[in-house]
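Every number here is computed from the coordinates shown, using simple stated rules; none is lab data. The shown structure was predicted, so the numbers you read here are calculated from the model rather than taken from an experiment.
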């Protein structure tokens, strides 16, 4: 491969990342801290991206330089970006804002699809409920922080900026045109069991437990509205809810768009390992679609199963 061919291939990937040039320019300005004209000069090939800029774009968008230069080592790489969701740094906060902008951009593509197979409530739903979201953060800190001392629920406080980002994400995710959730049938049982445990070791008070419990009931009401109508009430974008008849040991998700796809394996409660590798993403999509064969759709169609599911979940929550 000639010296400049890898760069041409790299530029093609960058330019195709966002076909709307104005949006691409804005994203590059924010990612690379460049002025608008400097970005345009790079896109016109008047000035090449620096080595550091190539590294930044490759790592942020998971562009495989091995594939760009034609190297095939026979392996598929996954990456993981660690994040302090409780007290994010400014760099981490900027990345979260970039994620929100990218999600909002998906509304322009009607064929975009998000699918999540989950054994715990996904952050797309948790983000809308203050105490339920706080419990998720509390549990994450308890399990994975380096502090030897166990901190009670009461000390988990989000900054105004982090709350704002969470609210923006909760609104943005509803812009995705098509969403599929497949829940483990015991998803609320697992949640209630966790809450009971932390109450038993006095890290959650009775008053805090009641606040979390109210959020769970509110979420169930919201999910039932989605299941009845088959869409997010705020945007009318399509949502399908399924209940798996088999245990779900690990959470998986993918995002399909006309511009590029990504698959995730959910680990350590709030992290993901992910890949943009086309073969792996295609396999993920096929495997996850097959999961529907052992699941019952409760949105719109199976009224009896829908009523029974939500009645059972409310009984489980009431036991808290």
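Can you tell which of 35, 113, 272 shows the greatest fluctuation in a Gaussian network model of the chain with Cα springs below 10 Å?
Of 35, 113, 272, the Gaussian network model singles out 35 as fluctuating most.
Using helices alone, I'd like the mean residue ellipticity at 222 nm for the chain: each DSSP H run of four-plus residues gives -39500 (n - 2.57), total over residue count, nearest 500. Please list the in-between numbers first.
Details: 13 runs with 163 residues, N = 320.
Value at 222 nm, helices only, nearest 500: -16000 deg cm²/dmol.
Between segment 127-196 and segment 102-121, what is the C-alpha centre distance in whole Å?
About 18 Å separates the Cα centre of segment 127-196 from the one of segment 102-121.
Quick one: among 150, 227, 172, which has the greatest mean-square fluctuation in a GNM of the chain with alpha-carbon springs under 10 angstrom?
Result: 150 has the largest fluctuation of those listed.
Based on alpha-carbon centroids, what's the gap between segment 252-280 and segment 299-320 in Å, whole number please?
So the separation of the two Cα centres works out to 30 Å.
For a quick check, take a GNM of the chain with Cα springs below 10 Å and name the residue from 283, 45, 146 with the largest mean-square fluctuation.
Greatest mean-square fluctuation among the candidates belongs to 146.
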